[in-house]
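See structure below.
The values are calculated or read from the model by the stated rules, or taken from the named source; none is laboratory data. Every value quoted in this text rests on a predicted model; they were computed, and no experiment measured them. Note: ideal-geometry Cβ built from the backbone for every residue, glycine included; neighbour counts use all protein chains shown. Areas reflect the complete protein model, heavy atoms only, side chains present, ligands, DNA and RNA absent. Shrake-Rupley method; radii C 1.70, N 1.55, O 1.52, S 1.80 Å.
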2 protein chains.
Amino acid sequence: MSHLRDLPTPALLLNRERFEHNLARMREHLAGLGVPLRPHLKTAKSIEVAHRVMAPGEQRAMVSTVREAEFYASRGVRDLIYGVGITASKLQRIGALRHGTGADVAVILDSLEQAQAVASWSRANNDPLPALIEIDVDGHRSGVVLTDAAELIAIGRALVDGGATLRGVLTHAGTSYALNDPEELATAARSERDMALEGAALLRAAGLPCTVVSMGSTPTVTFATDLSGITEVRAGVYMFGDLVQAGIGTCCVDDIALSVLASVIGTRPDKGWIIVDAGWMALSRDRGTHSQRLDYGYGLVCNEHCLPYPDLIVLEVNQEHGIIGLRPGSRAEIPMLPIGSLVRILPNHACATGGQHDRYQVVSGDIVVAEWWRANGW
Amino acid sequence: MSHLRDLPTPALLLNRERFEHNLARMREHLAGLGVPLRPHLKTAKSIEVAHRVMAPGEQRAMVSTVREAEFYASRGVRDLIYGVGITASKLQRIGALRHGTGADVAVILDSLEQAQAVASWSRANNDPLPALIEIDVDGHRSGVVLTDAAELIAIGRALVDGGATLRGVLTHAGTSYALNDPEELATAARSERDMALEGAALLRAAGLPCTVVSMGSTPTVTFATDLSGITEVRAGVYMFGDLVQAGIGTCCVDDIALSVLASVIGTRPDKGWIIVDAGWMALSRDRGTHSQRLDYGYGLVCNEHCLPYPDLIVLEVNQEHGIIGLRPGSRAEIPMLPIGSLVRILPNHACATGGQHDRYQVVSGDIVVAEWWRANGW
C-alpha cells in the first residue's frame, strides 16, 4: 500500500470503487432481464478483474486473443469463447489448450471454409471442437447475413456432419457505438436480439442444434429491455467505462474507473498549454469522441483526486508528451499547474488506453491498494 | 530459424535487409556532413537494434523513458540523454542509474523551476547532473523561445551556479513532419540549425558552457545540407521508415522495414472487404497519413513477400480486426485472398505500431532469422 504520489508516471490507475459500482450495476440490470453474462475480458486482460466480474461458480468468458484464452484457462476459467474468426493456423494452439487444461474453448466463424477446417481438425484430433456461427446484424464487420439462410445452414451442416460441435449463434452490434439516443439504442438491442433468434431458428428448423444464442456489446446490453430467447449476453468495456461510453450514454463521466496518472513537465503560458509526460504511448491514439457531440481530444484532464477540470482536455499527443489545453471555444480558465503536479486523464476508449500498459495500479481514493498485471500480446 | 508462415499472427516483422540499408544510408549522409549521430532509440526499444545503429566505439543515444535509459545503460550504452522534460520525481531513478552503471545519463529541461530542481538534487547527492536546455525552434511543443534570452541565460546560470552541469542546448523541429517539399525541408533544417546555434551563442556570450549543440528529427537531419556548428544530430524513425516518412520524402515505400504479419480470417465480397486478425492492437490507431497527400488508412497491404497490392489499405480497425479494402476512388481490383492467406501491413507510423508489440521477428526474405525483444513501458 502506497500513495499514488509515489508511483512513477505515466501509470494506469483503476479506481476500485467505480469499477465495483460498474460491475454491480450491470449485474443488477441483467438479473432483471434474467440473462447470464459472458464478460468480454479483452478490455481488462486481467485475472483479478475476471475473478471480480464472474460471480463464484460462473465460468463463462469471452476473449479476443489465443494468448488471453491460454492465460485465463490456465488460471481456472473453464468456459471460453475465442471471439475472433478462427483460421486453421490457430487450431493447434486451441486444441493444445483444451487438452492441457480441460477447459471448454469454443471458436467462432462465418464461412464454409472455416467450418470445413474446424471439422477437419476435429476429426483428425478426435476432439469435436465447439463452434458458434457469427450472424451479421448491422453490416458492421463480420458474420453471415440472414438473407443467405442457405449459407448459414450449409455452415452448420459442415460442422455437424464433419465432426465438430455446432454450439449456436453469436452476434455483435458494432454500429451501436455510433448511437446516443436511448430509444435508438433500445431499438438496436431489439434488432440484434431478433436477428440472433432468427439465426437460431433457421438452424433449428434445418434440424441442427443451437443451444447458445449469444448477443452483445456494452451499448445494446445496457439498453436492452427484453432478452427473451437469448441464452447469454456479452459485454466488456462497461467494467471500466470511458468517454466514448459516456457519450453513448451507457455510463456517466463520474463512472469512469480508468485513468492515466501523469506529471506536468512544462507549461507554455504563451500558447495556453500544459505539457505532461503522457503521450500516445500512455493514452493511445484513439480519438473515439471525435465523432461524438462532445470531443475530448485524447482525454479529459482531472486533478489527482479525479475531479475533472472544466473543458481541460489533451489537445495533442506525441510519443511521450501530451499537450493539455482548453477545448476550443471554451470560456473556462486554464488552471495554473506547476511543474511536477499530478493529473489524471480519463480515456476516450478504455480498451485502447489499457492496451498501452502492462499493469493496473488499483487505487482506493489516493491509496494504491493492489497491482494487477495484464495479459497483452498474442 | 523458421519460415514466417510458422509465426502466430499478428506478428511484428522487421526486414533485416531494408533495416540495414536504412542505417547505411543515414551513416553515409552524416559522414558527408561530418556530424556524429545520437540515434533516438525510442522507436526501436531494442538492444539488438542499438548495437547495429551505433558503430563500434560509439556510445551516445537518446531515449524517451527512464525505463529505456535503465535498459540500455545496464546493457553497456555509456552516454544517454533522457529526452522528455525532467521532473523532480524522476531524479532519484536517474541518479541511481548513473551511480549503479557509471553511465553518463543527462536530462533536458526548459524552465527555471526544473533547473533549480536539478541543481538542488545535484548538490544534495554530490552528483553534478548534466542537463541540456531545450530551445523551441518552431512552436511545436516545448522549449525556451529565443526571444526570451534572459530566461535562457537564467536557466543556464541556475544550473551552473546551483551545482549541476550545463552541457548545452537541444532542439527538435517537430513541425517538419508536416512538410513534403525538399526545399522546405532543407529550409527547416537550416532554421533548426541556426536557432540551435543562436541558443548556444547566447549561453556562451553570457559566460556559460555549451559543449553540446544537438538538433534533430528524421526529416530535418535527412534534408540538412550544412550542419556547421552542430555537435550531434538525433534521429530515430529513419531506421525502420514508415508511410508517414515516405509521404514526407525521407524514404520510399520500398524502404519500410517494419510490417505487421496478419492472417485473412474472413471475406465480405458484398462489401469489398477482406477481414484480417490485425486491428488497432497490432497496428495502432495512428492515422498519420490522413493529413498527407496519399492516405493509407491504417496501413498499406502487401503480400507475404512484402510486395504492395495496388491501393489496398486497411480501411477500419477494431481491437483485433482489420477491415481491408481499396482506397476510395481506386480502380484497382481487390485481390481474392482466401481465408488463411498471409498479408503484411506497412505502418503509418513505425514508433506507434512498434509500441503495440513486445518483440520483433527479424526476417530475411521469408525466413525468421532472429527474435529481438522490446523494452516497453516506463
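Say R0 is 60 Å: what FRET efficiency, to the nearest 0.05, do residue A:225 and residue B:228 get from their beta-carbon distance?
Here the calculated transfer efficiency is 0.25.
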> Taking only DSSP H segments of four or more residues, each worth -39500 (n - 2.57), what value at 222 nm results for chain B once the sum is divided by all its residues, to the nearest 500 deg cm²/dmol?
Replying inline: -9500 deg cm²/dmol
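Enter the mean number of other protein chain beta carbons within 10 Å of the beta carbon of each residue in A:111-119, as an integer.
2
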>> What number results when the radius of gyration of the range A:228-378, computed over Cα atoms, is divided by 2.2 N^0.38 Å?
In response: 1.07
> Applying 1/(1 + (r/R0)^6) with R0 = 25 Å to the Cβ-Cβ distance of residue B:24 and residue B:51, what FRET efficiency is obtained, to the nearest 0.05?
Replying inline: 0.95
>> Cut-off under 14 Å on the C-alpha distance; same-chain residues fewer than 8 positions from residue A:45 excluded. Which aspartates and glutamates are left, in chain and number order?
In response: A:68, A:70, A:358, A:371, B:320
>> Between residue A:154 and residue A:332, what is the label-point separation in nm under the 7 Å Cα-to-beta-carbon projection?
In response: 5.6
> On the accessible surface of the range A:224-354, probed at 1.4 Å, how many percent belong to carbon and sulfur atoms?
Replying inline: 55
> Relative to the other copies, what are the label-point distances for residue A:161, with labels 7 Å from Cα along the C-beta vector, expressed in nm at one decimal and sorted shortest first?
Replying inline: 9.0
> Axis carrying B onto A: which residue of B has the nearest Cβ, and how far, whole Å?
Replying inline: B:285, 2
> Which of the trypsin sites (Lys or Arg not before Pro) found in the range A:324-378 are in a DSSP loop and have at most 16 neighbouring Cβ atoms, other than their own, within 10 Å?
Replying inline: A:331
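Within 10 Å of each Cβ of A:336-345, how many other protein chain Cβ atoms are there on average?
Average neighbour count from other chains, rounded to a whole number: 2.
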> Label-point separation (nm) for residue B:190 and residue B:304, each offset 7 Å from Cα along Cα-to-Cβ?
Replying inline: 5.1
>> What number comes out for accessible area per residue over the range A:130-274 if the probe is 1.4 Å? Units Å², please.
In response: 31
>> Among A:98, A:193, A:38, which one shows the highest mean-square fluctuation when chain A is modelled as a Gaussian network with alpha-carbon springs under 10 Å?
In response: A:98
>> What whole-number volume per residue, in cubic angstrom, does the convex hull of the C-alpha atoms of the protein assembly as shown give?
In response: 154
>> Taking the alpha-carbon distance from residue B:42 and a cut-off under 21 Å, which lysines remain once sequence neighbours fewer than 8 residues away in the same chain are dropped?
In response: B:90
>> Given the range B:220-301, report the % of alpha carbon pairs whose separation exceeds 19 Å.
In response: 52
> Any idea what angle helix A:182-205 forms with the longest principal axis of chain A, computed on alpha-carbon atoms, 0 to 90 degrees, nearest 10?
Replying inline: 20
> Angle between the Cα long axis of helix A:16-33 and the longest principal axis of chain A, 0 to 90 degrees, nearest 10?
Replying inline: 40
>> Largest first, please: the extent of the C-alpha atoms of chain A along each principal axis, to the nearest Å.
In response: 71, 43, 35
> What nm value, rounded to one decimal, do you get for the distance between residue B:294 and residue A:17 when each label is placed 7 Å out toward the C-beta?
Replying inline: 5.5
> What are the label-to-label distances in nm, one decimal and shortest first, from residue B:211 to the same spot in the other copies, with labels 7 Å along Cα to Cβ?
Replying inline: 7.4
> Which value in Å is the Kirkwood Rh of the range B:152-230 over different Cα pairs?
Replying inline: 13.2
> At residue A:6, label 7 Å along Cα→Cβ: distances to the other copies, nm, ascending?
Replying inline: 4.7
> Between A:132, A:13, A:23, which gets the highest mean-square fluctuation from a Gaussian network model of chain A, Cα cutoff 10 Å?
Replying inline: A:23
>> For the interface of B with A, what's the total buried accessible surface in square angstrom, probe 1.4 angstrom, rounded to the nearest hundred?
In response: 4200
>> Over chain B, with a Gaussian network built from C-alpha contacts below 10 Å, which listed residue (B:78, B:27, B:141) shows the highest mean-square fluctuation?
In response: B:141
> Nearest 0.05, what FRET efficiency do residue B:96 and residue A:5 give at R0 = 25 Å with Cβ-Cβ as r?
Replying inline: 0.85
> In nm², what is the average projected area of the convex hull enclosing the Cα atoms of the range A:1-120?
Replying inline: 10.2
> Considering every residue in A:86-97, what mean count of other chain Cβ atoms within 10 Å of its Cβ is obtained?
Replying inline: 3
>> Using only Cα atoms and rounding to the nearest 10 degrees, what angle (0 to 90) does helix A:149-162 make with the longest principal axis of chain A?
In response: 70
> Binning every alpha carbon pair distance of the range A:305-378 at 5 Å from zero, what are the percents per bin?
Replying inline: 3, 12, 17, 23, 19, 15, 7, 3, 1, 0
